[in-house]
Amino acid sequence: MHVETNNAAHFGDFIRLNELWISEYFSIEEMDRELAANPGKVVSEGGYIFSLLDDERVVGVCALFQESPQRYQLARMAVEPAARGKGYGNRLIEHALAHLKTLGASSVFLLSNTVLQAAIALYKKHGFVTVSTGTHPVYARCNIVMERLV
């Protein structure tokens, strides 16, 4: 098992896995369609797309969107439904946090929804704390913002 960074060959899996979990719980929004049309924009704007491979098959993905050189958003974490509960999400967060340290970033935040209880528990396990709750101005599905120092 290993993580690959910004491998364009896996951008299709990145979009597929994200659209899968979003559709499972919510509705695809305009920002989702924009990302699907050009996932490489994440990279061109200073961000990172991580793909977790097991037996050369993408089983999980996540991204870091750059807000500034010191601040990133952990986003778009998704794991194949059949692979959930095997620690892949944990591995992705650990990789993303380690990567942030090498970048010299100072903080990372994320947007989520409290209905995603397993995800919220995972974020808390990794030191994320709630900084706000309620309606988000961009994503209808977001009702919690969490953050941690790097």
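The values are calculated or read from the model by the stated rules, or taken from the named source; none is laboratory data. Just so we're clear, the structure is a prediction, and the values are computed from it rather than from any experiment. Cβ coordinates were reconstructed from backbone atoms using ideal geometry, including for glycine residues, and neighbour counts include every protein chain displayed.
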If we keep only residues of the range 111-150 that are among the β-branched types (Val, Ile, Thr) and at pLDDT below 95, then the residue nearest to the chain's Cα centre (by Cα) is Val138
Listed by first then second residue, the pairs whose first member lies in the range 122-143 and is farther than 24 Å from Gly85 by Cβ, whose partner is of a type in the set (D, E, K, R) and modelled with pLDDT under 95, with beta carbons under 8 Å and at least 6 positions apart or on separate chains, are Tyr139/Glu29; Ala140/Glu29
- Message: Any residue that is acidic (Asp, Glu), out of contact with any Phe, Trp or Tyr (no Cβ under 6 Å at 6 or more places or on another chain) and free of Cβ contacts under 8 Å to residues at least 40 places away in the same chain - is there at least one of those in the range 85-95?
- Response: yes
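Residue-by-condition table, conditions (1) in a strand (DSSP E or B); (2) out of contact with any Asp or Glu (no Cβ under 7 Å at 6 or more places or on another chain); (3) closer than 15 Å to Tyr72 by Cα; (4) among the β-branched types (Val, Ile, Thr):
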site: Ile93; (1), (2), (3), (4): no, yes, yes, yes
site: Ala98; (1), (2), (3), (4): no, yes, yes, no
site: Ser132; (1), (2), (3), (4): yes, yes, no, no
site: Ala140; (1), (2), (3), (4): no, no, no, no
site: Glu147; (1), (2), (3), (4): yes, yes, yes, no
Out of (1) surrounded by fewer than 17 Cβ atoms within 10 Å (Cβ to Cβ); (2) modelled with pLDDT of 95 or more, the one Lys86 does not meet is (2)
| query | Taking the condition in contact (Cβ under 8 Å) with a residue 60 or more places away in the chain and crowded, with 16+ Cβ neighbours inside 10 Å, does Leu116 pass? | reply | yes
Given the conditions (1) more than 19 Å from Leu110 (Cβ to Cβ); (2) surrounded by fewer than 13 Cβ atoms within 10 Å (Cβ to Cβ); (3) of a type in the set (A, V, I, L, M, F, W, C), every one holds for Leu53 apart from (2)
